[in-house]
Amino acid sequence: MGDMHYFPGYLLEAGKTNGYCQRVSLSLGEVLRSMGVKSRQLHWQKDGVGFHQFIEYYNPYSDQWIIIDPYYGVKYKDKAGHFLGFEGIDQLKRAGTFDLSRIHKIEVNRFYFSEEEIINGWNADLAIHIL
């Protein structure tokens, strides 16, 4: 599997759920990069401690970064229906207009989904780590 480090391990660790959001996010990033799609990891942190990890990928057709959270099975949209990246969500948060209507469920089998947890996560300190 070439330069992939997380994806093969993710496939071999069936039944393990600790740190699942991290493993699935890192694995998805490797798969996207193997197909030539730029991606970077995002972490929600509170008081310097990470508690959730997901991914942002670059869409060259719309010339923007878009968040996808494979663990929660969500993407985010603006009122016009365009998918959002970190910067778009950050602008909505600053304007006080980020709410549940921004959460767009995607068709994946998610392990856990709580709209309240997602809203609370976006209210935490968000750090972007680029892989």
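The values are calculated or read from the model by the stated rules, or taken from the named source; none is laboratory data. Nothing here was measured: the structure is a model prediction, and the numbers come from that model. Note: ideal-geometry Cβ built from the backbone for every residue, glycine included; neighbour counts use all protein chains shown. For accessibility, only protein heavy atoms count, side chains too; no ligands or nucleic acids. Shrake-Rupley method; radii C 1.70, N 1.55, O 1.52, S 1.80 Å.
Observations
Quick grid of which residues meet (1) modelled with pLDDT under 90; (2) open to solvent by 30 Å² or more (accessible area, probe 1.4 Å); (3) not aliphatic (A, V, I, L, M):
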position: 38; (1), (2), (3): no, yes, yes
position: 56; (1), (2), (3): no, no, yes
position: 60; (1), (2), (3): no, yes, yes
position: 73; (1), (2), (3): yes, no, yes
position: 82; (1), (2), (3): no, yes, yes
position: 106; (1), (2), (3): yes, yes, no
position: 119; (1), (2), (3): yes, yes, no
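- Of all residue pairs spaced 6 or more apart or on separate chains, those with beta-carbon atoms under 6 Å, a first member in the stretch 21-36 that is free of Cβ contacts under 8 Å to residues at least 40 places away in the same chain and more than 23 Å from residue 61 (Cβ to Cβ) and a second member that is in a helix (DSSP H, G or I) and open to solvent by 70 Å² or more (accessible area, probe 1.4 Å) are 27/6.
- Selection of the stretch 41-60 for residues being closer than 17 Å to residue 73 by Cα and either part of a loop (DSSP other than H, G, I, E, B) or in contact (Cβ under 8 Å) with a residue 40 or more places away in the chain (or both) yields 41, 42, 43, 44, 51, 52, 56.
- Here residue 94 does not qualify as open to solvent by 30 Å² or more (accessible area, probe 1.4 Å), at pLDDT 85 or above, within 19 Å of residue 125 (Cα to Cα) and not in a helix (DSSP H, G or I).
- Among (1) over 20 Å from residue 98 (Cβ atoms); (2) of a type in the set (A, V, I, L, M, F, W, C); (3) open to solvent by 40 Å² or more (accessible area, probe 1.4 Å), the one test that residue 32 misses: (3)
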